[in-house]
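Data block below; observations after.
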Amino acid sequence: MAQQVQGVIARAKGEPVRIETIVVPDPGPGEAVVKVQACGVCHTDLHYREGGINDEFPFLLGHEAAGVVESVGDGVTEVAPGDYVILNWRAVCGQCRACKRGRPQYCFDTHNAKQKMTLTDGTELSPALGIGAFAEKTLVAAGQCTKVDPAASPAAAGLLGCGVMAGIGAAINTGNVGRGDSVAVIGCGGVGNAAVVGARLAGAAKIIAVDIDDKKLQTAKSLGATHTVNSRSADPIEAIRELTDGNGADVVIEAVGRPETYEQAFYARDLAGTVVLVGVPTPEMRIDLPLLDVFGRGGALKSSWYGDCLPSRDFPMLIDLYQQGRLDLDAFVTETIALADVEKAFERMHHGDVLRSVVVF
């Protein structure tokens with residue numbers, strides 16, 4: 001029987017979000033209903049509200065979440081009622097060309113729930129990243145549920161559902177940071193600071209955090225950065241080269257998503273070094289680089305999709321590190337808030353006051 005719960009809805013571009021009653025249907029084949037315990041407030045949700053993803057309003061926002069499976073539909077074997085899960089937006093299909101080539105982290109046909117959640121008047125909702133977890137309960141594809149250790153705090157564990165995984169994965173999976181490498185991270189918000197943590201986990205010898213905000217740089221230092229550069233007062237390219245014996249960093253991770261910071265990343269890397277773009281640009285942005293420089297500097301220019309993660313592989317491993325005290329996910333939780341405070345959390349995010357506000361149910 002369908003259930004009615006409270007959820008955060010974005011009705012139109014740029015309008016403040018509101019709490020409304022939504023209808024969550026019983027799970028159909030391959031689907032699961034999850035009782036959400038915590039959901040982080042991510043920049044991607046703000047992009048949805050601002051129409052930066054698409055115009056399929058109204059949106060049910062929220063996607064960076066952990067909770068407990070309440071019920072499952074026919075044919076579901078991955079999870080069962082009572083399982084503690086992190087929700088993900090890469091439920092691999094197993095059949096596309098990427099999956100068949102053994103690269104499921106690049107799956108081109110990831111699963112979402114077939115049924116739609118709706119408003120009480122029948123208006124269909126577009127769930128953010130196929131999840132829609134700013135709600136007491138949500139309907140997802142069962143493959144979007146990844147079982148992890150139930151002892152892990154939902155507020156911390158849920159962050160692996162997007163931002164923290166994106167940053168850690170940008171360093172470990174996409175950037176292939178190795179022991180002894182030098183790494184620069186440009187942009188030290190939630191994703192950038194997660195990239196700092198990822199570089200530390202991978203054994204980088206030198207981790208250079210770059211931002212225009214000293215407060216964010218201090219946070220990066222506390223999470224493992226060995227050096228910081230305030231790019232408002234210093235040229236980041238020259239500063240990174242100076243800190244790497246004039247060479248540039250082995251891996252530069254751009255976590256802002258702007259042409260000017262991408263160009264900084266491009267020129268701040270060593271010859272044959274790697275640039276990883278994990279910051280999300282807007283559709284109108286363009287980059288202009290001399291093609292001879294692209295050729296002459298060698299190396300690799302990569303984009304990181306969701307940290308190139310495979311949730312079934314990466315989430316349990318990172319939760320194990322968290323439980324062992326080797327990965328401080330709690331450090332990313334700046335504040336816990338109620339569902340009604342999401343709009344205020346967007347404002348704090350916009351002003352750079354938080355790493356993550358987390359809705360706790």
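Quick note: the coordinates plus some simple rules give every number you see, no bench work behind them. Here the structure is a predicted model, which means the values were calculated and not measured. Every residue, glycine as well, gets a Cβ built from its backbone with ideal geometry; the counts of neighbours run over all protein chains shown.
Straight-line reach from Lys344: taking Cα to Cα under 20 Å and skipping same-chain neighbours fewer than 8 places apart, the aspartates and glutamates in range are Glu15, Glu20, Asp45, Glu50, Glu64, Glu136, Glu335, Asp353. Applying the criteria of a DSSP loop state and at most 14 other Cβ atoms within 10 Å to the GluC sites (Glu not before Pro) of the stretch 273-360 yields Glu284. Normalised by 2.2 N^0.38 Å, where N counts its residues, the alpha-carbon radius of gyration of the stretch 246-287 equals 1.15. Put simply, the amide H of Gln37, placed in the peptide plane, has neighbours under 5 Å in Ala66, Gly67, Val68, leaving out anything fewer than 5 places away on its chain. Overall shape: rounded for the stretch 222-277, with the ratio a/c of the largest to smallest alpha carbon gyration tensor axis below 1.5.
Using the Karplus relation 6.51 cos²θ - 1.76 cosθ + 1.60 with θ = phi - 60°, the per-residue 3J(HN,Hα) values for the stretch 341-347 come to 9, 4, 4, 5, 5, 4, 5 Hz, with x marking Gly and Pro. Applying the Karplus relation 6.51 cos²θ - 1.76 cosθ + 1.60 with θ = phi - 60° to the stretch 259-274 yields 3J(HN,Hα) values of x, 5, 6, 5, 5, 4, 4, 4, 8, 8, 8, 5, 4, 6, x, 10 Hz, where x marks Gly and Pro. For the pair Asn230 and Ala338, label points projected 7 Å from Cα toward Cβ lie 3.8 nm apart. With a/c under 1.5 counting as rounded, go ahead and sort the chain into rounded, prolate or oblate using the C-alpha gyration tensor (a ≥ b ≥ c being the square roots of the eigenvalues; past the cut-off, prolate if a/b is larger than b/c, else oblate). Cα axes put the chain in the prolate bin. The trypsin sites (Lys or Arg not before Pro) of the stretch 69-132 that meet both conditions, a loop assignment by DSSP and at most 13 other Cβ atoms within 10 Å of the site Cβ, are Arg101, Lys114.
Each residue of the stretch 22-27 was assigned a 3J(HN,Hα) from its phi angle through the Karplus expression (A = 6.51, B = -1.76, C = 1.60, θ = phi - 60°), giving 10, 10, 10, x, 4, x Hz with x at Gly and Pro. Centre-to-centre separation between the Cα atoms of the stretch 248-318 and those of the stretch 216-237: 18 Å. The trypsin sites (Lys or Arg not before Pro) found in the stretch 1-84 that occupy coil by DSSP, while having at most 15 further C-beta atoms within 10 Å, are Arg11, Lys13. The distance between label points at Asp320 and Cys93 comes to 3.1 nm (points 7 Å beyond Cα on the Cα→Cβ vector). Amide H to amide H distances under 5 Å link Thr274 with Val251, Val252, Ala300, where only residues 5 or more positions off or on other chains count and H is placed in the peptide plane.
Near Val185, the amide H atoms lying under 5 Å from its own belong to Ile208, Ala209, Val210, Ile253; only residues 5 or more places off or on other chains count, and H is placed 1.01 Å from N.
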